């Protein structure tokens, strides 16, 4: 009986991990509608992080990324893509400043509210040279 329970628990944990990139958590931080998203590692990269979006007027949004992991010391391309992590459009919708030493800050010319009108995902790439290899991703609701 204990073996069956253990096998069921392991199966449930594995299923949850496989869906993590599509169910990355997020939260509204305060009454000014700051938004926080969490990026999860992809392809065993170990790279993960937090994204904070802050309205900067009616048509601008500040995007701040804080990333951790063994590869964040070199520049890593960072974008907002249309779609969700599991089915992302490879062409970036909003390019962001690269992650350098684990950090990025960019003001984009789009209202924060409009970013919630269709599915978008934050995506971190391994390097400019290896742009097709994604190392972290997080969905916006």
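Worth pointing out:
- Condition broken by residue 103, with the remaining ones in (1) surrounded by fewer than 18 Cβ atoms within 10 Å (Cβ to Cβ); (2) modelled with pLDDT under 95; (3) farther than 19 Å from residue 55 by Cβ satisfied: (2)
- Set 97, 89: member being over 13 Å from the mean Cα position of the chain (by Cα), at negative phi and in a strand (DSSP E or B): 97
- Residues that are assigned to a loop (DSSP other than H, G, I, E, B) and surrounded by 16 or more Cβ atoms within 10 Å (Cβ to Cβ), drawn from the range 68-86: 69, 71, 72, 83, 84
- Filtered by the rule that a residue be part of a loop (DSSP other than H, G, I, E, B) and more than 18 Å from residue 46 (Cα to Cα), the range 113-137 gives 117, 118, 119, 128, 129.
Residue-wise test of (1) at positive phi; (2) in a helix (DSSP H, G or I); (3) modelled with pLDDT of 85 or more; (4) more than 11 Å from the chain's Cα centre (by Cα).
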| residue | (1), (2), (3), (4) |
| --- | --- |
| 8 | no, yes, no, yes |
| 27 | no, no, no, yes |
| 31 | no, no, no, yes |
| 50 | no, no, yes, no |
| 66 | no, no, yes, no |
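The values are calculated or read from the model by the stated rules, or taken from the named source; none is laboratory data. Bear in mind the structure is a predicted one, so any value in this text is a computation, not a measurement. Cβ coordinates were reconstructed from backbone atoms using ideal geometry, including for glycine residues, and neighbour counts include every protein chain displayed.
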